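What follows is a single structure, written as structure tokens, with notes after it.
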């Protein structure tokens with residue numbers, strides 16, 4: 001029987017190479033862990049969402065990479081434990097970014113930070129105040145979340161994500 005190893009070697013090399021390329025591509029963002037719920041970054045249970053997350057079809061296209069939350073109070077709270085990794089101006093707005101670990105970052109704008117880069121923060125801790133720079137027609141904060149470098153919808157991090165359980169109707 002003929003030695004077929006030379007015939008299949010290029011095919012095996014191509015398959016292994018494709019596997020390496022696939023493993024180097026960025027993974028799809030995973031859903032947040034429902035066992036570790038985040039807190040709303042504004043006081044109150046559920047602030048009104050003035051503008052929802054709108055992922056663009058391509059990274060370079062226009063979209064809305066976060067949510068705009070309405071507020072009657074200027075306090076901005078850390079939604080989870082983390083470390084402040086950026087405080088500064090981006091384009092024309094003051095921005096605050098917190099690293100929550102596991103590839104998760106929260107960014108807030110326009111926010112005048114009351115913390116500095118490198119500061120550890122706890123969930124629910126005030127980290128700044130909504131700036132007077134207008135972002136919405138009314139007082140609001142833009143909250144963006146990145147997971148492994150990709151923008152994801154922040155709302156699932158603060159929503160009840162437990163599975164629904166249907167119960168039988170009681171006999172009457």
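The values are calculated or read from the model by the stated rules, or taken from the named source; none is laboratory data. Just so we're clear, the structure is a prediction, and the values are computed from it rather than from any experiment. Using ideal geometry, Cβ is built from the backbone for each residue, glycine included, and neighbour counts are taken over all protein chains shown.
Taking residue 138 as meeting all but one of (1) assigned to a loop (DSSP other than H, G, I, E, B); (2) at pLDDT 90 or above, write down the number of the exception.
So residue 138 meets the others, but not (2).
I'm trying to understand the selection: among the residues of region 151-166, which are at pLDDT 90 or above and either part of a strand (DSSP E or B) or exposed (fewer than 15 other Cβ atoms within 10 Å of the Cβ) (or both)?
Selection gives 151, 152.
Report, by residue number, each residue of region 99-120 that is part of a strand (DSSP E or B) and surrounded by fewer than 14 Cβ atoms within 10 Å (Cβ to Cβ).
Answer for region 99-120, where residues must be part of a strand (DSSP E or B) and surrounded by fewer than 14 Cβ atoms within 10 Å (Cβ to Cβ): 101, 120.
What are the residues in region 121-135 that are over 22 Å from residue 50 (Cα atoms) and part of a loop (DSSP other than H, G, I, E, B), if any?
Residues of region 121-135 that are over 22 Å from residue 50 (Cα atoms), as a first pass: 121-123, 125.
Answer for region 121-135, where residues must be over 22 Å from residue 50 (Cα atoms) and part of a loop (DSSP other than H, G, I, E, B): 122, 123, 125.
What are the pairs, 6+ residues apart or on separate chains, where a residue within region 136-150 that is surrounded by fewer than 15 Cβ atoms within 10 Å (Cβ to Cβ) has its Cβ under 6 Å from a residue that is part of a loop (DSSP other than H, G, I, E, B)?
From region 136-150, the pairs are 148/103.
If we scan region 82-91, do we find a residue that is in a strand (DSSP E or B), under 14 Å from residue 143 (Cα atoms) and at pLDDT 95 or above?
The answer is no, given that none of the residues of region 82-91 is in a strand (DSSP E or B), under 14 Å from residue 143 (Cα atoms) and at pLDDT 95 or above.
Tally time: how many residues in region 65-80 are part of a loop (DSSP other than H, G, I, E, B) and surrounded by 17 or more Cβ atoms within 10 Å (Cβ to Cβ)?
Total satisfying the criteria: 7.
Could you give me the residue pairs with C-beta distances under 6 Å whose first residue belongs to region 110-128 and is within 22 Å of residue 138 (Cα to Cα), whose second residue is assigned to a loop (DSSP other than H, G, I, E, B) and at pLDDT 95 or above wherever it lies, and which are 6+ apart or on separate chains?
Filtered contacts from region 110-128: 127/78; 127/115; 128/114.
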